[in-house]
Amino acid sequence: MLSPRPYLIEEYTQTVCPGCFENGPRRSDEDVWRAGMLVSHDEKVWMRRFCAEHGETESLYEEDLQLWRARAGWSTPTSQIIPDRPDNYAPFPAGYRNGLPAYHGQHTCILLLNVTKRCNFACPTCYASAQRPGTPLPVIEHPTIEEITHTVEVMLEREGGKLGVLMLSGGEPTVREDLPEIIERSLQGNVVRVLINTNGRRIARDDRFLEFLKKNRDRVEIYLQFDGFKASTSIFHRGEDVVDEKLRALKRLNDAGIWSTLVMSVSRGINDDEVGAVIKLGMDTPYCSGAAIQPVFGSGRNAGFDPQDRATPTGIARRLGAQTGGLISGEDFIP
């Protein structure tokens, strides 16, 4: 008699073999795509992959099976059906190099632009592998103002003359001395909000920059990196204890009436016990509009990442009940 599988198949999917991708990240899609499936066991969801060269691998997909199943059944009616065109999409990497195609039908809710590869932190977990302070500059360290302006203008045209949100990221966008000019040019177009994705160092130290943000606070917001209150959390994620600097940046923003969102990178066993405290900080800060909780993942410099033991969205949502005294629960979230 055949033994039953130790797991239940939830979905079949296509995935990427981690071994093939690690050995040749520039290989074509056909060389790295593999058959896979989402399976459940131990009340968690796992992704299983099958590769003739590297065998079978499994990684944690979601920590909470029941929350994942409930969210997987959520659907929203399609507002508009736009037939695809076979000539619309170029294969990788041209798709990344050339940007969105002319007939792209999906609305751009946030236009994210990486305006530099430089940074003034040296985060061990940086998923973008941003350039550490003091290292030699590359030939191309960041796009020109003209290139950024052109990108915004093209997207405004494709969005019918209006962009809801433009996010300036990096690297660390505030290391660019011309960032105020970039923001001013963007605001000349019909961009509703500009978000600056920042570690907060310049905001904590630069009065002149803070005054510029205050002058434009009706259309500029800050996406502020904040991982928790423990020094050990800060050292693990950022390579140094910057908790006081982050709190100073948040206070200066709040005192100036500038809206911010707390952005928390969560690592299992490091700061997954601080999510509730970060949310409480946001709720106690009048000009904090929300908190974005982002589980860390294995990309860039985060070489020590364990794909079988990590924080996931459903796991974090489930933790919130105990950490907020029942104020927020996993069932409060929808996709």
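We did not get these values from a lab; they are worked out from the coordinates using the rules stated. From a predicted model like this one, the values you see are computed outputs, not experimental measurements. Every residue, glycine as well, gets a Cβ built from its backbone with ideal geometry; the counts of neighbours run over all protein chains shown.
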*How big is D, in µm² s⁻¹, for the stretch 229-275 by Stokes-Einstein at 37 °C and 0.692 mPa s if Rh is the Kirkwood radius over C-alpha pairs?*
283 µm²/s
*Taking Cα atoms of the stretch 109-332, Rg/Rh with Kirkwood Rh, to two decimals?*
0.96
*Given DSSP loops and a limit of at most 10 other Cβ atoms within 10 Å, what is the longest stretch of the chain that contains no such GluC sites (Glu not before Pro)?*
178-335
*Could you list which residues have their amide H under 5 Å from that of Glu11, counting only those 5 or more apart in sequence or on another chain, with H placed in the peptide plane?*
Leu38
*Would you mind listing how long the stretch 8-72 runs along its three principal axes, going by Cα atoms, in whole Å with the largest first?*
36, 20, 16
*asked:* Taking just the alpha-carbon atoms of the stretch 186-244, what radius of gyration and Dmax come out, in angstrom?
replied: 14.2, 43
*Could you work out the helix-only [θ] at 222 nm for the chain, with each DSSP H run of four or more residues adding -39,500 (n - 2.57) and the total divided by the number of residues, to the nearest 500 deg cm²/dmol?*
-8500 deg cm²/dmol
*Quick one: angle between helix 313-323 and the longest Cα principal axis of the chain, in degrees between 0 and 90, rounded to 10, please.*
70 degrees
*Roughly what angle does helix 179-188 make with the longest principal axis of the chain, taking Cα atoms, 0 to 90 degrees, to the nearest 10?*
90 degrees
*Write out the trypsin sites (Lys or Arg not before Pro) in the stretch 128-227 meeting two conditions: DSSP loop, and at most 16 other Cβ atoms within 10 Å of their Cβ.*
Lys162, Arg217, Arg219
*asked:* Please report the projected area of the stretch 113-209's Cα convex hull averaged over all directions, in nm².
replied: 6.8 nm²
*Enter the angle in degrees (range 0 to 90, nearest 10) between the Cα long axis of helix 243-255 and the first principal axis of the Cα atoms of the chain, meaning the one along which they spread out most.*
60 degrees
